[in-house]
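Working notes for the structure below.
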Amino acid sequence: MIVWVLIISFVIRLIGINQSLWLDEAISVNVAKLPIGQIVEKFSRFDFHPPLYYWFLNIWQKIFGDGVAMMRLSSLLFSLITIYLVYLIGKEIKNKNFGFWAALLVAVNPLLIYYSQELRMYSMAVMWLSGAIYFLVKMDIKPKNSWINILGFNLMTFLAFLTFYGSVFLIGAMIFYLLFTKKYKLFFFSLIGINLAVLVVGQLLISQFRYSGSMLTQVVNWDMVLGKVNLKNLFLIPLKFSIGKISWFPKLSYYLVGGLWTVIVSSVAGKNILKNKLLSFLLITPIFLGILFSIKSPLLQYFRFLYLIPILSLVLANNKNIKIKPLLVVGFLIFSLIYLLNPKMHREDWKSLVASLNNNQKIYMIGSFADPVKFYNPTIQIGDIKSSDPKENEVTIVPYGEIIHGINTKEKMEKLGYQLLEKNSFREISLETWKKR
């Protein structure tokens, strides 16, 4: 049965896989094109993620090319491995049937499907952390026969931290669990992987923290990108875990439908959460640690906790009511198909925007956000609207990321004596033409 789940999951995830890259994905691709030995020096020092994913993508790109669909296939494969790992975890905790339902819930979860098509490190991190949970479960069940499991656990936590720093909240929860359940020998041995990872990237991490601090002071609303502690960001975690990365108008309809489904999912999880102390501890503790950390350094965006969805799926599958699990599967699948089959729900359409431009044409935008343009047409000239004033008679502008940088392009252009001639929309982004009065 699990083989059919994997086959169907693969087919579903191919729908819309060739949609346009958005900003962060284009950054991933452009960084991966650097010589592998220069990725840390030329990019990672000024980023907020460890380098393992970029190293991997560099190798993947050399083997399979830089076609969008082929590059995204890497994240798709990570998600399939995650599904199978969840099946193994469920089988270890209870039986094959439990593992099957947990894997099926992971397979159709709308947020995991979205990120299985994303050229970012999150799908890889979820895979490593699901592997760590698998070895932790085996250690918890058979603590006297755990050397292979200890080695596997430490390898998974080592790779997870080198892929995504936010993994530390779940890694910490897993290690604390061993301490709180008085498995002291396993607790001490479980520290090896994370300590080795910190040792490997320690110097880089210090440099990145310093750069992050400078960005918080230099960029007006940079904490919006990172995710500060507030009710909105806390509410978005269960909402997006339930309905995925979709939205629609009117917003009242969106919050009513999405909110109702979130309440259903949350209520089922709430009734099941205490049935397994390990799963309940791993589901709750990382969010608590994330909140504490984000008070000082904002990091509370829902997608940074994507690795909790496999645990949530295991909790949801731990239900004796034979009607509940199919209902959850159907509900998740409906929201997944809303995203997959409706191009309006897809990512920013930089591909079409760039295709509307001429070779060697000059456009103005915030320079640090120009990676999608550079990917789709490197001949396009970029003028940084943040640091320079246009002087041409007719100017093309992409007003993107202005809120983060505290820039009002409309106000700036009008003060410079320009008037808006034309505005074309390309799904979440726009292209404006301004002319001197």
So for region 1-131, averaging the separation of alpha carbon pairs under 8 Å that are six or more residues apart and normalising by length, what relative contact order in percent results? 32
For S207, S425, write out the residues from largest to smallest accessible area, computed with a 1.4 angstrom probe and no ligands counted. S425, S207
Stokes-Einstein at 4 °C, 1.567 mPa s, Kirkwood radius from Cα pairs: D for region 1-67 in µm² s⁻¹? 94
With all pairs of different alpha carbon atoms counted, what Kirkwood hydrodynamic radius in Å does region 107-258 show? 17.9
If you project the alpha carbons of the chain onto their three principal axes, what span does each projection cover, largest first, in Å? 77, 48, 42
Expressed as a percent, the accessible surface of region 170-322 that is carbon or sulfur, using a 1.4 Å probe and the full set of protein chains, is 72
Give, in nm to one decimal, the length gained when the segment between I284 and K62 is fully stretched (0.36 nm per residue of separation minus the Cα-Cα distance). 75.9 nm
Return one number: the angle in degrees, 0 to 90 and rounded to the nearest 10, between the long axis of the Cα atoms of helix 96-108 and the longest principal axis of the Cα atoms of the chain. 10
Using 7 Å Cα-to-Cβ label points, what is the K33/S253 separation (nm, one decimal)? 4.1
Candidate residues K412, K275: accessible-area rank, largest first, probe 1.4 Å: K275, K412
If Rh is defined by the Kirkwood formula over all Cα pairs and Rg also comes from Cα, what ratio Rg/Rh do you get for region 279-437? 1.15
Can you compute the modelled spin-label distance between N359 and D389, with each label point 7 Å from Cα toward Cβ, in nm? 3.5
Around Q203, with a cut-off of 13 angstrom between Cβ atoms, what is the net charge of the other residues, counting Lys and Arg +1 and Asp and Glu -1? +1
Picking from Q361, Q19, Q381, which is most flexible by a Gaussian network model of the chain using Cα springs under 10 Å? Q361
For region 123-182, what are the per-bin percents of Cα-Cα distances with bins 5 Å wide, up to the bin holding the maximum? 4, 21, 31, 25, 13, 5, 1
What FRET efficiency do you get for S368 and V330 if R0 is 41 Å and r is their Cβ-Cβ distance, rounded to the nearest 0.05? 0.45
Placing each pseudo-label 7 Å from Cα in the direction of the beta carbon, F48 and K232 end up separated by a distance in nanometres of 1.5
With every atom except the alpha carbons ignored, what do you get for Rg and Dmax of region 323-406, in angstroms? 19.1, 66
Summing +1 for each Lys or Arg and -1 for each Asp or Glu, what net charge is found among the other residues whose Cβ lies under 12 Å from the Cβ of L76? +1
Any residue on another chain or 5+ positions along whose placed amide H is under 5 Å from the amide H of M121 is listed here as none
Could you work out how much longer the chain between F209 and L337 gets when fully extended? Use 0.36 nm per residue separation minus the Cα distance between them, nm to one decimal. 42.2 nm
Heavy-atom accessible area per residue, the chain, 1.4 Å probe: how many Å²? 45
Expressed in square angstrom to the nearest 10, the accessible area of I36 with a 1.4 Å probe stands at 70
Taking R0 as 60 Å, what FRET efficiency do you get between K435 and W147 from their Cβ-Cβ distance, rounded to the nearest 0.05? 0.25
The orientation-averaged projected area of the Cα convex hull of region 192-320, in nm², is 10.2
Count the net charge of all other residues whose Cβ sits under 11 Å from the Cβ of M345, scoring Lys and Arg as +1 and Asp and Glu as -1. +3
In degrees between 0 and 90, to the nearest 10, how far off the longest principal axis of the chain does helix 2-13 point, with axes built from Cα atoms? 10
In degrees, nearest 10, the alpha-carbon axis of helix 168-180 is tilted away from the dominant principal axis of the alpha carbons of the chain by 20
Largest first and in whole Å, what are the equivalent-ellipsoid semi-axes of region 45-164 based on the Cα gyration tensor, each being the root of 5 times an eigenvalue? 27, 19, 11
P(r) of region 373-437 in 10 Å steps, Cα pairs, percent per bin? 19, 54, 26, 1
Can you sort W4, W248 by solvent-accessible area, 1.4 Å probe, largest first? W4, W248
Report the residue, chosen from Y134, Y84, Y400, that carries the largest GNM mean-square fluctuation when the chain is represented by alpha-carbon nodes joined by springs under 10 Å. Y400
For the chain, what is the relative contact order in percent, using Cα pairs closer than 8 Å and at least 6 residues apart in sequence? 18
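The values are calculated or read from the model by the stated rules, or taken from the named source; none is laboratory data. Keep in mind that this is a model prediction, so the values were computed, not measured. Quick reminder, even Gly has a Cβ in these numbers, built from the backbone with ideal geometry, and neighbours come from all protein chains shown. To get the accessible areas, we keep the full protein, side chains included, count just its heavy atoms, and leave off ligands, DNA and RNA. Shrake-Rupley method; radii C 1.70, N 1.55, O 1.52, S 1.80 Å.
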